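For reference, the structure is listed below as structure tokens.
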Amino acid sequence: MSELQDAAQIIRVTFEGTEILMKLGKANIDFVKGVCAVFINMLRQEKLAGKTSVKKLLKSGGDLQVYKFETKDLSLVKKLADQYGILYAVLPDLNKSDGMSEILFHSQAAPRIKSIMEQVQNSKIESLDDYYTNAEPEEMEKMVQEAEKKSGIPKENEYRVAAEEIAKNPGIKISDVRSRLNMTWMEIWPIVKHMEGNGLAEIGKDGTVKMNMDMEQFREFTDSQQWQAWFGKQEAGQRSGADSSISAEKLEEIKRIQKLSKDNPKVNGITIDRKMVVEETEKSIKTRIPYKSDEFIWLRKSEIAWINDDKTILANLEKEKTYQVVDRDNKPVRRPSGQQLYEQSYDPVNREQIRRQQENQRKRQRQRKKKQYQQTQRSLEAARRKLNGRGGR
């Protein structure tokens, strides 16, 4: 059961190997993103100041809670918390208009916090969910952007494993990827955001994520110049004069096509491996349809974008448009709609099913050939024994 699907539950976030339990009221991907951003920013500020209270709180494990009070009483609350020996951290003020402030504390200190409440008017204990809900959306968004901006590139192995899991399961929930790979939200979120920002994947509003390439294309991408540039390795497969990063202009083009696919219910976004391109003119390209040996379609260059060091094409199929499928000699074969074409050949789920079916078919053929070979060998061996027996008489 995903922690993003239930109304009242506990979410687990791990920091440096220690599990933190946070009680939720309204669990969703934005909450997780926001809380992780708050923690990341608090840890950065604390590191600069040479303090460790936030880090100790996170590493203490268990349930973390919020104590809310009027901002004018902040000095008093800090003084009393020190007197009672409470480990706490002041939370960022994400709603300056309400005149309130908050501190983060461990639930084990709740009895001592209640003693402070007796001395501080208009104060109460809340959850992190309450803190998030009370935040001004603009302030929370700034916090998230700041965390994402400074997060840098994730670790290569984690990035690769997460991307392969997403490629194998188009439309999978980010929470399910995290659970399957035993990753933390602080580990998985920077990965999917980096993938989205570089045109490799799309994040849905429902917390799902979908790669813009299949498994085979992703594995090829890991050998690309772009991948090597990200993870600081020696460049491989570099073409003469090629740029190691996606240009701003190209990134905008990729985002435009992705947005068209996402916002327009009349189109389906697709990716095509460069190896599928068999012919090119000034304005169009001819690509082979996946898993079809002699079926091709022409696409206009103005409607596509090249990604992954020009190894992959990003394009859209109009659902209601009729496409002319041709053979290698450009003779008409059939005229399916864009939706039919997508479902038959470009839907990542169907493509994976077809790939597995073909793989199983090849496996069965190999097994049959092996069995036939073994039977032939046994027959030959029996014939040899028979001949040897006759020769000995």
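Across the stretch 58-74, the number of residues qualifying as part of a helix (DSSP H, G or I), within 28 Å of the chain's Cα centre (by Cα) and modelled with pLDDT of 80 or more comes to 0. Scanning the stretch 267-281 for residues that are touching a strand residue (DSSP E or B) at 6+ places or on another chain (Cβ under 6 Å) and outside any strand (DSSP E or B) yields a single hit, Met276.
The selection criterion, being over 26 Å from Lys205 (Cα atoms), modelled with pLDDT under 80 and surrounded by 15 or more Cβ atoms within 10 Å (Cβ to Cβ), does not hold for Lys233. The C-beta contact set for the stretch 67-83 (first residue in contact (Cβ under 8 Å) with a residue 12 or more places away in the chain, second residue part of a helix (DSSP H, G or I), distance under 7 angstrom, 6+ apart or interchain) comprises Tyr67/Ile113; Phe69/Val77; Val77/Ile116; Leu80/Ile116; Ala81/Ile116.
The values are calculated or read from the model by the stated rules, or taken from the named source; none is laboratory data. On a predicted model such as this, the values are computed, not experimentally measured, just so you know. Note that each Cβ is placed from the backbone with ideal geometry, even for glycine, and that neighbours are counted across all protein chains shown.
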